[in-house]
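The values are calculated or read from the model by the stated rules, or taken from the named source; none is laboratory data. Please read all numbers here as calculations on a predicted model, not as lab measurements. All Cβ positions, glycine included, derive from the backbone under ideal geometry; neighbour counts span all protein chains shown.
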Amino acid sequence: MGAIPVPALYTAHAPPKPTLQDQWRAINLFGRNVASYKFALAEALLTLAPAGGNVVRLDELAKPFALAVCRHLHLEDKQSTSASSSFLAECRRFNQSEIDETQLIATTLAKGFNNVIDAFHVVGQGDVPQRFFIDERATSSGIRITDDFSRLLETASALDLPNEVEARWRLVETAWRLQVGRAMIAAYDDDSGQLLLPNRSMRRVAVTSCRDALNGYQQGKCFYCSSPITVVQSENLADVDHYFPHALRPTEVGHAINGVWNLVLACRACNRGEGGKSARVPHEDLLARLHARNEFLIGSHHPLRETLIAQTGTTEAGRRAYLTEFDGAAISKLIHRWKPRD
Ligand SMILES: [Zn+2]
């Protein structure tokens, strides 16, 4: 059984076993992908939201699944690490209006589900402990939804799950186009809240919401105080927070402030409430947490791994030293430390 990656900094708060949300997120957020079909299947399941015990026939699943792939092919033509795929070729033909929806669904039934149903639950060395569906293609031409999937949809963070799937998908397909391994430099745009990545002509364009991209990794909790946060409109809507405050922008370290390494999600009380962080430097203890968070993203094959390395250093020790040095520069300018209320 493969271990579910859980950020070390949150294990103190986490129950001993991974929750259903942990397992769903692990499927979508961790591990290496060779094609984006896992995201399309996740999106289709969240869209259909079938009740536990029901069978979803493949011909019902095919439409939302294929349309999700077609929509993403519009955004990024590279949806797989392999050179060619006859399924993707048919999806492109659909986008060009060369085949109709009936033909697209027929192709999807024949070729679209080849590996994704088998591989969906695999994280690391094996399947997650609880399954969201059972493969019954041999007996009932579909997949049987489990009660655990229904329970997942009843959890408090269920509304965030579609955004997380979409954010991860956008990052993965962008990384494929840019060929991870070459530096993939992301920047955060304060005004729009979007992560900017290079387009085909290497100009930076908005790719996904920074909030959606970070939330799964913080398990719906404020970076500083662990109170619940969410990425959909509500009283708990997370703020994207600069760990080292934005007030450093005009200084000689200011160019680095919008790097992903410095962005966390915080509750409104910590970010801008009375007693919030404002233009103060987080307490030294929190620096270790930021380092652990960045190492966790790097270790979990996050699509921005290369960006984090390019921004903060090629070795773990080097990245730790970078943060310590930055902390020294920040406190010498901003003078005051802050930590969250208990
Ligand atoms: Zn907080």
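Please note which strands (runs of 3 or more DSSP E) are completely contained in region 184-303 and include at least 1 residues that are surrounded by fewer than 18 Cβ atoms within 10 Å (Cβ to Cβ) and among the aromatic types (Phe, Trp, Tyr).
Of the strands (runs of 3 or more DSSP E) lying wholly inside region 184-303, none has at least 1 residues that are surrounded by fewer than 18 Cβ atoms within 10 Å (Cβ to Cβ) and among the aromatic types (Phe, Trp, Tyr).
What residue, of Arg151, Arg92, is free of Cβ contacts under 8 Å to residues at least 24 places away in the same chain and either surrounded by 14 or more Cβ atoms within 10 Å (Cβ to Cβ) or not assigned by TED's automatic domain parsing to the domain that holds Pro18 (or both)?
Result: Arg92 is the single residue among Arg151, Arg92 that is free of Cβ contacts under 8 Å to residues at least 24 places away in the same chain and either surrounded by 14 or more Cβ atoms within 10 Å (Cβ to Cβ) or not assigned by TED's automatic domain parsing to the domain that holds Pro18 (or both).
Within the bounds of region 172-193, is there any residue that is modelled with pLDDT of 90 or more and in contact with a Lys or Arg (Cβ under 6 Å, 6 or more places away or on another chain)?
no
How many residues does region 325-342 hold that are in a helix (DSSP H, G or I) and surrounded by 14 or more Cβ atoms within 10 Å (Cβ to Cβ)?
7
Counting only residues that are closer than 21 Å to Pro303 by Cβ and without any contact (Cβ under 8 Å) to a residue 24 or more places away in the chain, how many does region 198-240 have?
The total comes to 9.
Please work out if Thr230 is at pLDDT 80 or above, touching a strand residue (DSSP E or B) at 6+ places or on another chain (Cβ under 8 Å) and more than 16 Å from the ligand (Cβ to nearest atom).
No, not satisfied.
Residues of region 304-324 being at pLDDT below 90 and outside any helix (DSSP H, G or I), which ones?
The one that is at pLDDT below 90 and outside any helix (DSSP H, G or I): Leu304.
Name the residues in region 253-279 that are within 14 Å of the ligand (Cβ to nearest atom) and over 17 Å from the mean Cα position of the chain (by Cα), would you?
Cys267, Arg268, Ala269, Cys270, Asn271, Arg272, Gly273, Glu274, Gly275, Gly276, Lys277, Ser278, listed by residue number.
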